[in-house]
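All remarks here apply to the structure that follows.
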2 protein chains.
Amino acid sequence: MTAIEKRTGFLCRAIAPVLVAALCLASVAARADEGMWPYDHVPVKQIGALYGFTPTQAWLDHLRLSSVDLYASASFVSRDGLILTNHHVALGAAQRLSTPEHNYVRDGFVAQGPKQEMPVPGMTIQVLESIEDVTGIVDGSVKPAASPAQAKAARDEKIASIENDCLKKTGQKGHVVALYGGAKYALYRYKEYSDIRLVFIPELQAAFFGGDDDNFTYPRYDLDMAMLRAYENGKPAKVENYLKVNPSGAKDGDLVFVSGHPGRTDRLQTLAMLEYDRDVSMPFGLQRMKDVRALLKTYSAKGPEEARRARTVLYFMENSIKSMEGELRGLNDPELMAKKRSQEDALRLAVEKDLKLLAQYQNAWKDVESAIEWARGHQSDLRYKMDVGMGGRGLLGTALQIVRYSDETSKPDQERLEGFHDSELPDFLRHVQAPAPVYKDLEQVTLAYGLEQMAEGLGPDDPFVKAVLQGQQPGALAKSLLEGTKLDGPAFRKKLLENKGKAVAKCDDPMITLARRMDPVLRETRKAFRDHVEAVEEAALTKVAKAGFAVYGTDTYPDATGTLRLAFGKVAGYPQGTTLVPPFTTFYGIFDRAYGFGNKGDFSVPARTAAHQADIDLKTPLDFVCTADITGGNSGSPVVDREGRLVGLVFDGNAQSHPNTFVYDEYQARCVAVDVRAILEALRKIYGAGNLADEMLESSR
Amino acid sequence: MTAIEKRTGFLCRAIAPVLVAALCLASVAARADEGMWPYDHVPVKQIGALYGFTPTQAWLDHLRLSSVDLYASASFVSRDGLILTNHHVALGAAQRLSTPEHNYVRDGFVAQGPKQEMPVPGMTIQVLESIEDVTGIVDGSVKPAASPAQAKAARDEKIASIENDCLKKTGQKGHVVALYGGAKYALYRYKEYSDIRLVFIPELQAAFFGGDDDNFTYPRYDLDMAMLRAYENGKPAKVENYLKVNPSGAKDGDLVFVSGHPGRTDRLQTLAMLEYDRDVSMPFGLQRMKDVRALLKTYSAKGPEEARRARTVLYFMENSIKSMEGELRGLNDPELMAKKRSQEDALRLAVEKDLKLLAQYQNAWKDVESAIEWARGHQSDLRYKMDVGMGGRGLLGTALQIVRYSDETSKPDQERLEGFHDSELPDFLRHVQAPAPVYKDLEQVTLAYGLEQMAEGLGPDDPFVKAVLQGQQPGALAKSLLEGTKLDGPAFRKKLLENKGKAVAKCDDPMITLARRMDPVLRETRKAFRDHVEAVEEAALTKVAKAGFAVYGTDTYPDATGTLRLAFGKVAGYPQGTTLVPPFTTFYGIFDRAYGFGNKGDFSVPARTAAHQADIDLKTPLDFVCTADITGGNSGSPVVDREGRLVGLVFDGNAQSHPNTFVYDEYQARCVAVDVRAILEALRKIYGAGNLADEMLESSR
């Protein structure tokens, strides 16, 4: 993703599908516990030198194949396909399965045996089967004299064909990932499971004790866990690779590993990009999210059913706001920026001193600046004419997807827009057809806001605004669109997708007709953005990365791209203010913090925890922190010890870790995890789900 | 105290006798919960407007007469003279009473009935009986054309005579306090109790859980309490005014009052003074304390008995370092300094605009600058020739006191040095004669350091250094002094004091002979400092204060002077980092924080708390925070509700409150108190001292 686009996304980065790979590289060699390492490039010698333990290939393969990708992170924890992830990762599933009668978000859910395990509509997971370097093939598709835009088009076409071939040849999905700013390309091949069922999710108050206030905070007292199960042929999947449990957990100072899917870091970005983020994109994105948060809060205040409907989206909005505020704090920290500047200066100086490097790479930084200059000059278009408001969610987004699907599938595969290649269509169709509930009154709020913003941002005389509004007020248009559309019906969507072509072109559903009016302009803006910004930045960052390889060597890790990575570190508290923050918290802390606030609201003791207080060993470690290098998307990652046994479950970074997007810091930045001992204790003593604890332990023998 | 002197003191400000009144005034009108108000100037209307409760004169008198001054703060909590204060206030007493066999600091002490209550040698307490404005009398002693130095001498003489008269006429000690930078003078008259016994002190680990790390930190989990009892005629004193207990404590948001003895604030100081503090005095003082801390740690590491001997002084050293670091953080905060600058600019502008004010006050700020200029030019003398090293403590300090006592008492009262007026002698004698233990091996460390610093700071050719060392190395001199002196014997000290005159002049004790060699130079430097700095700053700050009165009115409070003040505020948590800090902590938190750190060292559950865990209601509030304006010296202050009932016991300010020395802040700065419910619960359930809880509650009926 590029500087402009990624900042305005609606979804929490922690669980957002990372559809476009971020193209980056750490510009200095990794030291200490730094790095989110691809599984084919783990610094085993460095780990051995630091911790006296050198992972073998078999050790790495086992952990990789036990790791689960579900647009966030998870792991298999029994031979019967039991999956451990976070509550907030499974939250969307719980929300989709909930009804006004059964509020699984508020009350939690425990399946009493396999028959009660609930299929989650549209949910798939995947396991990374193999990694193959395809740099030569991808780069070979680019003609010597190609412009950045032509090069990008050629590469994208080649990538699509590699992915299609993978599916045809192996029956498994492949995804070509651009690493190190495009200096390398790798084909990641996945085994997919498409029958996923909800097994266990605690009530929100236990998983999210302390609410938005405590989010991204440590010390923390959350049981942010959930369990799913992969099924095959209607039965629990038998998996060969899964994590055994270490019921004793980890100790202070212990070496631990985190295997998961960090979504995005910007460590390779040039200073100019970071400054643009800091001064333009992030403040805009933040303001937009705060506006929507305010609207959602007003909506929620109408009644308990409204509150239930908006709960999940409000949760992710708060989450994203707090996360982006943390990143912005980092970019506004003179020390952090000085560090970035000195890194960039050092690399540029090294390039200038070497005539060969100079010829190849010297333009990279200037090219980025010119791309940003272009973006500055097209700010309004990029904000309001490139995507449907709020990141393309909602029924208008669905309408646009259907219109595009209809158009794109009539073209040869290699000419299609990203997302519509043959290999991508099964996912696309499942997602659009899934029978997720639609709340039109809630959509009214966000759709009207998106249309208002567009009208205000572009001005009433803009032809696009005129074409969209056709003389109506944004609120009134949203109302008539939502009243008139049938897109909330899965059967209607399915029919349109199946018939496509004329059926879509002639469809008089008001959302579809609006999408048809909008699409040409959106496509045009997107293409301009792609040619003038994305392609230029991509080419420039590739140069920066290659310059880095030439100067510092290749023993480094690429920026996060949402693909599987291994991080390592130690369990460790840290100094804060005038005192120390402990490495662990315990169940005692729930009670202390709750009663300290008068045991109410987000700070009340979860009802089941209170009811079973006498049964719980309160000194059981609940959450802990370690120095592993993580970011959003790592939610749900297993934490394992040197024997590869599960000791924790990542669910957060502390507030000090947000600037890790740009620079890793070991002083205070920490990865926050649920302790495996809390997981076992809670299943047994609080939730009457000892069978799940037993299943994990039995599989561990 | 002045900018130079106060920063180099050895003792923790929280319990240091405030011998010289700080002369200050808040330069803008107090708002919200700001202010440490003298009891004759409590803003009852403002409190009424803010909280709907207007204290009556009787309400104020009762609280004043229930408040106890013991160079820190305390209160009567039963009709039989039971006194409640902090563990760290009574710590010195416990240390003095301890022996290698009975370590009351480590193990605590609970008197099983009155017979076991242990007299504390040399300890007195006092209760503020009356306040009388003597501004006219004091200022009347100054001749119209007097220089600042002459004016100061005249006022000091008059003040001594007022204090002597008070003792003669009433039989009670009086102390004239300079308020508002010397713009006002008040005679504070005290009833004294000189038979004070130790009743209860918990073990250090319970009172100081979290150790130096958690000191000045909140959330906090300390039972920082102790109980003493005043005796008269060998029996528990019957007191008319004491605090009744509110066993239900206070709630979040409740109005509360704090009655105690804040030691020093510098809110009236000019910017030039603050900058001098920031750039010169505080960094020097801090370095000196850190040096001594390192030496004491090395000493402590020698063995358990050494650790025991150094424990208290090391505690106060850590305390002072952390406190001064917090103040320095404040002075290095551009926002705080900008606030001070804008306040000063506003006042100076108002003075410049009014011809009358201009004539009277315009020189104030320049005069301060010239005093500071003088101090800068005499830095070495002021650091090494004004006082015996480390604030005059230790046997060399005692020797100097005896030499001065001998000289001064031969003069007429009004010509004596401060501290040696007739009215001050009983305290002086009791203090010097008290049979406190002396550890020569420990003194070797600090005395050698003080002598080394002097030699290094002044250089080997300085005549004073030559006179002191007489060719010896500092360490060797310290050794021979300590080996040869008999001053560690109370009887020897008593004899010298009783005989004085020739006995002291001819005494060949090596400490006494060194003190005789040093004293003339120390006196000379002190006089120069007094005339060129103290007197000038005092006169200037008086002008600044009077300018403030003229511009903003007199509805304001003076800077803290170690005298009894009333503060008010509300029980309130606060935002910190990305979350909220709770208003209360509970006993649960001890266990959470202890187990979070592995239950060891400073973070281990206190043994008796662990042993009685099953008996304790763990949700009992342990500590809480409120917005009352406090500072060091408030330790041990009672917190009372609007009915005047005890709800808490102040023992700390959080780290964010340290810059309160210069500017009050309500956002995060908090007063930290032990909750009365924890006091009652601990006495009953942990310490088998239910009789003390009963005594408080019975007296409350």
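Phi-derived couplings, Karplus 6.51 cos²θ - 1.76 cosθ + 1.60 at θ = phi - 60°, listed residue by residue for the stretch B:319-324: 4, 5, 4, 5, 5, 5 Hz, with x used for Gly and Pro.
Projected label points at B:Val110 and B:Thr298, each 7 Å from Cα along the beta carbon direction, are separated by 4.2 nanometres. For the peptides B:130-142, A:306-318, residues were scored by their other Cβ atoms within 10 Å and the scores averaged per peptide; the highest-first order is A:306-318, B:130-142.
Extension gain, B:Glu232 to B:Ala346: 0.36 nm times the residue separation minus the Cα-Cα distance gives 35.7 nm. Within 10 Å of each Cβ in A:284-290, how many Cβ atoms from other chains are there, averaged over the peptide? Per residue, the average neighbour count from other chains is 0. In this assembly of identical copies, the label point of B:Lys479 (Cα plus 7 Å along Cα-to-Cβ) is separated from its counterparts by 9.6 nm, sorted shortest first.
Per-residue Karplus couplings for the stretch B:679-687, computed as 6.51 cos²θ - 1.76 cosθ + 1.60 with θ equal to phi - 60°, are listed in order as 4, 5, 4, 5, 4, 6, 8, 9, 10 Hz, Gly and Pro entered as x. Sorting B:623-633, A:101-111 by their mean Cβ neighbour count within 10 Å, with the most densely packed peptide first, gives B:623-633, A:101-111. What is the local net charge at B:Val536, summed over the other residues whose Cβ is closer than 13 Å to its Cβ (Lys, Arg +1; Asp, Glu -1)? With Lys, Arg at +1 and Asp, Glu at -1, the neighbours total -3.
The stretch A:620-635 and the stretch B:149-201 have Cα centres lying 60 Å from one another. Apply the a/c threshold of 1.5 to the C-alpha gyration tensor of the stretch B:225-375 and tell me whether it is rounded, prolate or oblate. Oblate is the answer for the stretch B:225-375, as a/c is 1.5 or above yet b/c matches or exceeds a/b. For the stretch A:541-697, relative contact order (Cα pairs under 8 Å, six or more residues apart, normalised by length) works out to 21 percent. Mean partner shielding of peptide B:574-583, defined as the number of other chain Cβ atoms within 10 Å of each residue Cβ, is 6.
Along the stretch A:441-455 the Karplus relation, 6.51 cos²θ - 1.76 cosθ + 1.60 evaluated at θ = phi - 60°, assigns HN-Hα couplings of 5, 6, 5, 4, 5, 6, 5, 4, 4, x, 5, 4, 4, 4, 5 Hz to successive residues, with x for each Gly and Pro.
Put a dot 7 Å past the Cα of B:Val438, heading toward its Cβ, do the same for A:Ala505, and the two dots end up 10.8 nm apart. Find how many whole Å separate the alpha carbon centroid of the stretch A:438-477 from the alpha carbon centroid of the stretch A:525-570. Their Cα centres are 36 Å away from one another.
Only beta bridges with both residues in the stretch A:623-701 are counted; by DSSP, about 100 percent of them are antiparallel.
Taking every alpha-carbon pair under 8 Å whose residues sit at least 6 apart, chain B reaches a relative contact order of 27 percent.
Taken as Cα centroids, the stretch A:213-260 and the stretch A:284-353 sit 26 Å apart, rounded to the nearest whole angstrom.
Classify chain B as rounded, prolate or oblate from the Cα gyration tensor: take a ≥ b ≥ c as the square roots of its eigenvalues, call it rounded if a/c is under 1.5, otherwise prolate when a/b beats b/c and oblate if not. Rounded is the answer for chain B, as its axis ratio a/c remains below 1.5.
Dividing the mean sequence gap of close Cα pairs (under 8 Å, 6+ apart) by how many residues the stretch B:402-499 holds gives a relative contact order of 32 percent. Checking the cross-link pairs A:Lys143/A:Lys184; B:Lys115/B:Lys494; A:Lys290/A:Lys385; B:Lys115/B:Lys191 against a 23 Å limit on the alpha carbon distance flags B:Lys115/B:Lys494; B:Lys115/B:Lys191 as lying beyond it. Take each residue of peptide B:211-217, count the partner chain Cβ atoms within 10 Å of its Cβ, and average: the result is 3.
Calculated [222 nm] ellipticity per residue, helices only, for the protein assembly as shown: -14000 deg cm²/dmol; basis is -39500 (n - 2.57) per DSSP H run with n ≥ 4, divided by all residues, nearest 500. Between their Cα atoms, which of A:Lys600/B:Lys322; B:Lys466/B:Lys506; A:Lys322/A:Lys543; A:Lys158/A:Lys527 are more than 25 Å away from each other? Table pairs above 25 Å Cα-Cα are A:Lys600/B:Lys322; A:Lys322/A:Lys543.
Each other copy holds its own label point for B:Lys45; taking that point as 7 Å from Cα along Cα to Cβ, the gaps run 8.1 nm, nearest first. Sorting A:87-100, A:172-185 by average packing, meaning the other beta carbons within 10 Å per residue, from highest down gives A:172-185, A:87-100.
Counting Lys and Arg as +1 and Asp and Glu as -1 over every other residue whose Cβ lies under 11 Å from the Cβ of B:Ile512, the net charge comes to +2.
For the protein assembly as shown, just say rounded, prolate or oblate: build the C-alpha gyration tensor, square-root its eigenvalues into a ≥ b ≥ c, call rounded for a/c under 1.5, and beyond that prolate if a/b exceeds b/c, oblate if not. It is prolate, given that a/c is not under 1.5 and a/b is the larger ratio. A Cβ-based charge dipole, computed about the Cα centre of the protein assembly as shown with Lys and Arg at +1 and Asp and Glu at -1, lands at about 580 debye.
Here's how it looks for A:Tyr221: its modeled amide H is under 5 Å from none belonging to a residue 5 or more places away or on a different chain. Within the straight-line cut-off of under 16 Å between alpha carbons, the lysines reachable from B:Lys440 are B:Lys302, B:Lys479, B:Lys486, sequence neighbours fewer than 8 places apart in one chain being disregarded. Sorted from closest to farthest, the other copies place their B:Gly211 label points 3.8 nm away, with each point set 7 Å from Cα along Cα→Cβ.
Each Lys or Arg adds one and each Asp or Glu subtracts one; over the other residues with Cβ under 14 Å from the Cβ of B:Leu622, this totals -4.
Rule-based calculations on the coordinates, nothing more; no lab input. Note that this is a predicted model, so its numbers are computed, not measured. All Cβ positions, even for glycine, are placed from backbone atoms using ideal geometry, and neighbour counts span all protein chains on display.
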